[in-house]
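Visitor: Quick one: the structure is below, questions incoming.
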Amino acid sequence: MAVLTVENPLREGMRLERTPDPCVMVIFGASGDLTRRKLMPALYNLWRERLLPAGFSVVGFSRTDMNDQQFRDSMKEAVEQFGEQGPVDREAWESFAEGLFYLSAHPGHPEDYASLSSMLEDIDRQRGTNGNRVYYLAVPPSSFAGIVQQLDAAGLAQAEKGWHRLIIEKPFGHDLQSARELNQAISKVFHEEQVYRIDHYLGKETVQNLLVFRFANGIFEPIWNRRYVDNVQITAAETVGVENRAAYYEESGALRDMVQNHLSQVLALTAMEPPASMGAEEVRGEKLKVLRAIPPLMGDRANSCTVRGQYGPGWVDGKEVPGYRSEPGVNPNSTTDTYVALKLFIENWRWAGVPFYLRTGKRLPKRLTEIAIQFRQAPLLLFNHTPTEQMSPNLLVIRIQPDEGISLKFTAKQPGPAMHVRPVTMDFRYSTSFGVASASAYERLLLDCMLGDPTLFAHRDAVEAAWGILTPILEAWASQTTPAFPNYAAGTWGPAAADSLLQGGGCWRKP
Amino acid sequence: MSSTSIPADASKVEQELRHLWRQEAEKSSAGPVLCSRTLNLIVYCRNCADVQRATGFLDPIISNHPCRAIVVSPAPPESQEEIHTEVSASCLTSHGGNRYIGRELVTLAAQPSAHARLASIIRALVLPDLPVFLWWRDTRSLGSALFRQLSDLAERIIVDSAGLEDLHADWPSLHALVQHPGKAISDLAWSRLTAWRQLIAQLFDGQARASYLRQLRRIVVEFGNESGNPKVPADALLLAAWLGRQLGFKHPCPAAAEQGAEQHAGAWELSSGDSRLRVELRHGKRPGSGVTAVFLTCGDGRAVFAVSRCQDGKGLATRAELPGQAPMRRLVRTGDESASRLVSSELEILVRDVLYEDVLRLAGELLPALSAG
């Protein structure tokens with residue numbers, strides 16, 4: 001997946017080739033939370049690990065009144081507070097901070113973009129960044145289109161020399177129509193190959209390992225289909241409530257916040273066909289085919305195949321927590337979903353008839369994300385002295401977070417003269433087999449963008465395809481009376497009604 | 001973790017390891033104990049003191065790579081046993097808080113007369129279906145009968161050419177290793193150059209900078225030796241050879257020392273078509289052992305690129321001086337360069353390092369013009 005810097009012969013044959021061309025990253029919303037918590041710690045860490053070139057520079061673009069030095073001090077404080085690599089080394093920081101610049105500017109003022117343009121030219125001259133730019137929109141989505149237009153008007157979107165790329169954060173619209181409008185607004189200025197829609201789930205090591213697990217091992221792919229798989233459960237559970245995101249979450253809800261992006265991407269990686277190569281186009285093309293093969297849940301099916309919920313007060317991890325409607329900033333009569341469970345089908349030859357169950361929620365008992373592939377029961381129960389419930393089907397669980405790993409449940413005979421069987425699990429854990437901690441998802445994704453590798457970023461077609469699945473659900477919900485919220489207590493696995501989605505009287509895993 | 005002395009017999013070793021696992025499982029109050037091993041690591045040490053050092057290095061290596069480690073050394077002269085065997089196993093704790101058996105250590109100290117038996121025991125102790133790495137810490141015995149027997153078991157052999165006492169005399173044995181078609185070689189001296197190579201390469205990233213590569217006319221590699229040994233360290237020779245190789249220069253001809261160059265250790269003129277490149281090794285004044293600085297100068301001398309070790313020895317500083325531009329400097333902490341860290345990185349790789357093999361060959365061509373020190 002790496003893109004090599006071909007013009008530098010010194011790089012040839014190096015084991016570590018993922019060092020991008022010198023470039024400037026312009027961060028819109030540079031004084032905001034995302035920049036402080038995620039972007040700057042990730043960039044500093046990449047620098048410290050020698051994964052960024054010497055001339056790498058950052059321009060912070062934000063309304064807050066600051067000069068370069070104040071911006072540098074503020075970013076140092078952020079790295080100290082949110083970085084995970086221990087104390088900041090003074091000299092290494094100073095060397096990194098020489099490339100940090102700040103422009104106190106308003107995203108709606110054309111003259112500020114003229115200032116940005118001249119600042120970027122200066123940096124090109126001083127630091128050899130050769131016109132290469134990444135524009136990172138760490139701002140609310142409502143500002144995306146305006147900034148993109150201003151970049152275009154100032155001649156900053158298309159490169160006379162070097163390359164220009166745009167990174168945007170979710171949400172990518174709030175329904176199919178708005179996603180299309182956003183994509184159209186962006187595509188008037190940037191070509192699709194310049195646009196990097198970041199979904200930090202895809203930067204996680206285990207999500208990437210899913211591809212390796214499926215396509216580098218010969219034993220799984222032959223049974224990865226409707227003939228052997230009974231159902232697939234994908235769970236993304238959070239223990240936290242709405243925290244300080246009430247304003248956003250009230251408009252969004254669980255379906256938009258988690259399913260449209262994270263879960264649909266995980267689903268696509270789980271179900272996709274083997275790509276012709278690991279190139280971005282091939283991988284993203286196969287994921288898109290999966291999303292397009294999922295029929296939207298129209299009309300009554302939106303009811304029979306979805307369950308939504310909202311948490312009431314309860315206990316999570318030994319702490320008493322309030323219900324959603326009592327959280328700060330939340331409407332006391334809110335009808336926002338904090339939990340959603342879906343049953344989807346993928347209508348292709350591999351998966352026809354296999355239900356894919358997706359669920360996500362806040363204030364669930366554990367924080368975890370996993371994919372559970374349940375295989376079909378053995379066709380003949382030879383061990384008839386064993387109660388049927390002890391003959392559980394094989395289950396392959398891929399844990400994405402925390403404690404990343406893979407476990408396989410199978411049945412074994414208990415030692416002794418009698419033929420008693422019971423399920424056992426065989427575990428692989430990243431942390432025990434590979435002692436090193438992975439790079440953060442943001443480090444991986446920022447580096448990939450600078451390297452020009454969009455494999456782990458969402459394509460506009462995939463974003464629209466995911467909205468194409470979810471928008472009919474949102475419309476159906478909007479036309480109905482809201483369920484009696486709250487309908488699950490904080491610290492439980494969601495509304496009891498969610499079990500009704502499962503076929504054959506099954507129930508959700510309680511991991 | 002304590003070691004248990006047992007008879008030198010592979011089945012007894014396995015039996016003792018199983019016993020140790022059971023003990024660990026019984027001690028565990030937090031659920032089952034996992035067993036996780038990803039490779040076999042055979043470590044050959046120079047002597048008993050070296051076994052102590054190597055065992056110290058092994059703990060961090062094994063936390064990254066749960067494995068069965070077999071540490072081999074010559075038995076001390078006073079030893080009565082033909083092969084003295086000790087076994088230990090212990091649990092590690094993962095980032096997720098799980099306890100797991102990932103550390104199995106078998107220590108074997110053998111009399112020279114028992115080498116055939118020793119090799120047969122090791123062969124039986126190697127875990128099947130997992131890669132075998134041989135870390136040979138005694139560069140003087142590369143090519144010995146025991147080395148040949150153990151290297152036959154290994155997919156990858158890890159050596160450290162910094163330990164070669166006489167480059168002229170010992171280089172052929174190093175070179176012989178890479179001739180073996182079925183073995184991959186790791187050289188820790190080469191691994192220590194990774195940060196240097198990366199930073200030198202970064203100086204020429206981007207089209208504008210890359211154009212200076214075509215104008216390079218002179219490369220100086222400075223080295224130091226804190227032990228006072230005047231000999232050229234292997235990494236300096238490897239770095240010079242790497243630069244020549246990457247830039248497409250071949251056919252090294254010995255060149256004369258420049259006037260007043262008291263620190264001269266060797267110089268060559270390499271050619272690529274009509275272009276000539278002077279490569280020079282010299283004793284530097286900076287503190288530290290091995291490579292301490294590299295200077296790359298373009299034709300008219302106005303563009304100079306440099307990478308040098310920081311005064312505190314914990315990082316590298318880069319400098320680019322280009323016509324019409326303010327000098328651009330950067331400091332990068334190189335982090336942990338201990339043997340543990342370096343070996344740990346090598347254990348992640350199974351394929352041959354073709355670049356290293358090429359560089360080793362070119363370094364061999366540079367050797368004749370190197371002063372004996």
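Visitor: Name the shape class, rounded, prolate or oblate, that the alpha-carbon gyration tensor gives for the stretch B:318-373, where a ≥ b ≥ c are the square roots of its eigenvalues, rounded holds for a/c under 1.5, and otherwise prolate holds if a/b is larger than b/c and oblate otherwise.
Guide: In terms of gyration-tensor shape, oblate.
Visitor: Here's another thing I want to ask about it. Sort out for me the Cα centre separation of the stretch A:99-152 from the stretch B:316-373, rounded to whole Å.
Guide: Between the Cα centres of the stretch A:99-152 and the stretch B:316-373 lies a distance of 37 Å.
Visitor: 7 Å from Cα along Cα→Cβ at both B:ARG329 and A:THR425: what's the point-to-point distance in nm?
Guide: 5.5
Visitor: Here is a further query. Tally Lys/Arg at +1 and Asp/Glu at -1 over every other residue whose Cβ is under 15 Å from the Cβ of A:LYS366; what's the total?
Guide: Around A:LYS366, the charge tally is +3.
Visitor: Please list, or write none, the aspartates and glutamates whose alpha carbon is within less than 19 Å of the alpha carbon of A:LYS343, excluding same-chain residues fewer than 8 places away.
Guide: Result set, ordered by chain and number: A:ASP230, A:ASP257, A:ASP300, A:GLU370, A:GLU475, A:ASP499.
Visitor: In vacuum, with every alpha carbon of the stretch A:1-144 counted as one equal point scatterer, what does the Debye formula give for log10 I(q)/I(0) at q = 0.15, 0.18 Å⁻¹? Two decimals, please.
Guide: These q points yield log10 I(q)/I(0) values of -0.78, -1.08.
Visitor: Ok, one more. Once a ≥ b ≥ c are taken as the square roots of the eigenvalues of the Cα gyration tensor of chain B, is the result rounded (a/c under 1.5), prolate (a/b larger than b/c) or oblate (a/b not larger than b/c)?
Guide: prolate
Visitor: In whole Å, largest first, what are the principal axis extents of the Cα atoms in the stretch A:456-511?
Guide: Largest first, the stretch A:456-511 extends 36, 31, 27 Å along its Cα principal axes.
Visitor: What does the charge dipole of the stretch A:436-485 about its Cα centre add up to, to the nearest 20 debye, if the Cβ of each Lys and Arg holds +1 and the Cβ of each Asp and Glu holds -1?
Guide: Value, rounded to 20: 120 debye.
Visitor: Which links in A:LYS204/A:LYS319; A:LYS170/A:LYS362; A:LYS38/A:LYS366; A:LYS38/A:LYS204; A:LYS319/A:LYS362; A:LYS362/A:LYS510 stretch past 20 Å when you go from one Cα to the other?
Guide: In this structure, A:LYS204/A:LYS319; A:LYS38/A:LYS366 lie more than 20 Å apart at Cα.
Visitor: Collect residues whose amide H, placed 1.01 Å from N in the peptide plane, falls under 5 Å from the amide H of B:ARG218; neighbours closer than 5 in sequence don't count.
Guide: Here B:ARG278, B:THR297 satisfy the definition.
Visitor: Moving to a separate point now. Quick check: net charge around B:VAL106, other residues with Cβ under 12 Å of its Cβ, Lys/Arg +1 and Asp/Glu -1?
Guide: Counting the neighbours of B:VAL106, the net charge comes to -2.
Visitor: With θ set to phi - 60° and the Karplus curve 6.51 cos²θ - 1.76 cosθ + 1.60, what are the ³J(HN,Hα) couplings of the stretch A:120-130 in order, to the nearest whole Hz, using x for Gly and Pro?
Guide: 5, 5, 4, 5, 4, 5, 6, 10, x, 8, 6
Visitor: Apply the Karplus curve 6.51 cos²θ - 1.76 cosθ + 1.60, θ = phi - 60°, to the phi angles in the stretch A:413-423 and return the couplings in whole Hz, x for Gly and Pro.
Guide: 7, 6, x, x, x, 7, 8, 9, 10, 7, x
Visitor: Classify the protein assembly as shown as rounded, prolate or oblate, taking a ≥ b ≥ c as the square roots of the eigenvalues of its Cα gyration tensor: rounded when a/c is under 1.5, otherwise prolate if a/b is larger than b/c and oblate if not.
Guide: oblate
Visitor: Under the rule of -39500 (n - 2.57) per DSSP H run of 4 or more residues, summed and divided by the residues of chain A, what mean residue ellipticity at 222 nm is obtained, to the nearest 500 deg cm²/dmol?
Guide: So the helix-based figure for chain A works out to -9000 deg cm²/dmol.
Visitor: Any idea what the relative contact order of chain A is, in percent, if you count C-alpha pairs under 8 Å spaced at least 6 apart?
Guide: Relative CO of chain A lands at 18 percent.
Visitor: For the stretch B:327-332, in order, what is each residue's ³J(HN,Hα) by Karplus, 6.51 cos²θ - 1.76 cosθ + 1.60 with θ = phi - 60°, in whole Hz (x at glycine and Pro)?
Guide: Going residue by residue, I get x, 9, 10, 8, 10, 10 Hz, with x marking Gly and Pro.
Visitor: Now a separate question. Suppose we flag trypsin sites (Lys or Arg not before Pro) only when DSSP calls them loop and at most 16 other Cβ atoms lie within 10 Å. Which is the longest uninterrupted stretch of chain A?
Guide: That would be A:377-508.
Visitor: Further, regarding this structure: Who wins for biggest fluctuation among B:ARG329, B:ARG137, B:ARG123 in a Gaussian network model of chain B, springs between alpha carbons below 10 Å?
Guide: Sorting by GNM fluctuation, first place goes to B:ARG329.
Visitor: Tell me the volume per residue, in Å³, of the convex hull enclosing the alpha carbons of chain A.
Guide: Measuring per residue, one finds 176 Å³ for the Cα hull of chain A.
Visitor: Identify, among A:HIS262, A:GLY241, A:VAL229, the residue whose Cα sits farthest towards the positive end of the charge dipole of the stretch A:220-303, taking +1 on the Cβ of Lys and Arg and -1 on the Cβ of Asp and Glu, with the dipole about the Cα centre.
Guide: A:VAL229
Visitor: Around A:TYR488, which amide H atoms from residues at least 5 apart in sequence, or from another chain, sit under 5 Å from its own amide H, with H modelled in the peptide plane?
Guide: A:GLN310, A:GLY312
Visitor: List the residues, sorted by chain then number, that are 5 or more residues from A:GLY494 or on another chain and whose placed amide H is less than 5 Å from its amide H.
Guide: Residues meeting the amide H criterion: none.
Visitor: Name the aspartates and glutamates eligible as straight-distance cross-link partners of B:LYS183: C-alpha to C-alpha under 12 Å, and not fewer than 8 places from it in the same chain.
Guide: B:ASP152, B:GLU155, B:ASP353, B:GLU357
Visitor: Follow-up. For chain A, with the dipole built from +1 on Lys and Arg beta-carbon atoms and -1 on Asp and Glu ones, taken about the Cα centre, which of A:VAL189, A:LEU100, A:ALA138 lies farthest toward the positive end?
Guide: Farthest towards the positive end: A:ALA138.
Visitor: Okay, next question. Please report, in debye to the nearest 20, how large the charge dipole of chain A is about its Cα centre when each Lys and Arg carries +1 at its beta carbon and each Asp and Glu carries -1 there.
Guide: With Lys and Arg at +1 and Asp and Glu at -1, about 1880 debye.
Visitor: Around A:ARG376, what is the net charge, scoring Lys/Arg as +1 and Asp/Glu as -1 over all other residues with Cβ under 10 Å from its Cβ?
Guide: Every neighbour counted, the sum reads +1.
Visitor: List A:GLU192, A:GLU238 from most exposed to least, where exposure is judged by having the fewest other Cβ atoms within 10 Å.
Guide: Least crowded to most crowded, the residues run A:GLU192, A:GLU238.
Visitor: If you find the alpha carbon centre of the stretch A:183-238 and of the stretch B:56-74, how far apart are they in angstrom?
Guide: The stretch A:183-238 and the stretch B:56-74 have Cα centres spaced 37 Å from each other.
Visitor: May I pose another question? Between B:GLU365 and B:ALA10, how many nm apart are label points set 7 Å from Cα along the C-beta direction?
Guide: Inter-label distance under the simple model: 4.4 nm.
Visitor: Can you give the calculated 222 nm mean residue ellipticity of chain B, where each DSSP H run of n ≥ 4 adds -39,500 (n - 2.57) and the sum is split over every residue, rounded to the nearest 500 deg cm²/dmol?
Guide: For chain B, the value works out to -10000 deg cm²/dmol.
Visitor: Let me ask another. Explain nothing, just the number: relative contact order of chain B, from Cα pairs under 8 Å at least 6 residues apart, as a whole percent.
Guide: 14
Visitor: I've got another one for you. Compare the Cα positions of A:TYR442, A:ALA412, A:PHE428 along the charge dipole of the stretch A:409-486 (+1 at Cβ of Lys, Arg; -1 at Cβ of Asp, Glu; about the Cα centre) and return the one farthest towards the positive end.
Guide: Of the candidates, A:ALA412 comes out farthest on the positive side.
Bear in mind these aren't lab numbers, they're just calculated from the coordinates by the rules spelled out. The structure displayed is predicted, hence computed values, not measured ones. Virtual Cβ from ideal backbone geometry, glycine too; neighbours counted across all protein chains shown.
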